[in-house]
Amino acid sequence: MTPTEIRIELLRRNIRMKAISSKLGVTQQAVQRVIYRDSVSERIMINIAEAIGCPPESVFPEHEFKIQPDLICPNQTISQAK
């Protein structure tokens, strides 16, 4: 997916980058850098994909994932923005 497509899906689901960053304990800028491919973090990539309901491989097809998605924050969900 392109960065624009990712942002559209997040908006469609009423999920803000701030919600993802808070869940992961990173800055909103870190999430944005991953979306725009300026930075690589499997943990952030997997959580972005999870937030929009797509497999990480389809959201970030250029990246070969080495860690299991279900091992990343298994008991947490990203709350929708109000």
Can you give the convex hull volume per residue for the Cα atoms of region 3-71, as a whole number of Å³? 79
Total formal charge among the other residues, if their Cβ is under 14 angstrom from that of ARG37, Lys/Arg +1 and Asp/Glu -1: -2
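Every number here is computed from the coordinates shown, using simple stated rules; none is lab data. As the structure is a prediction and not an experimental result, all values here were calculated from the model. Here Cβ is always computed from backbone atoms with ideal geometry, including for glycine, and neighbour counts include all displayed protein chains.
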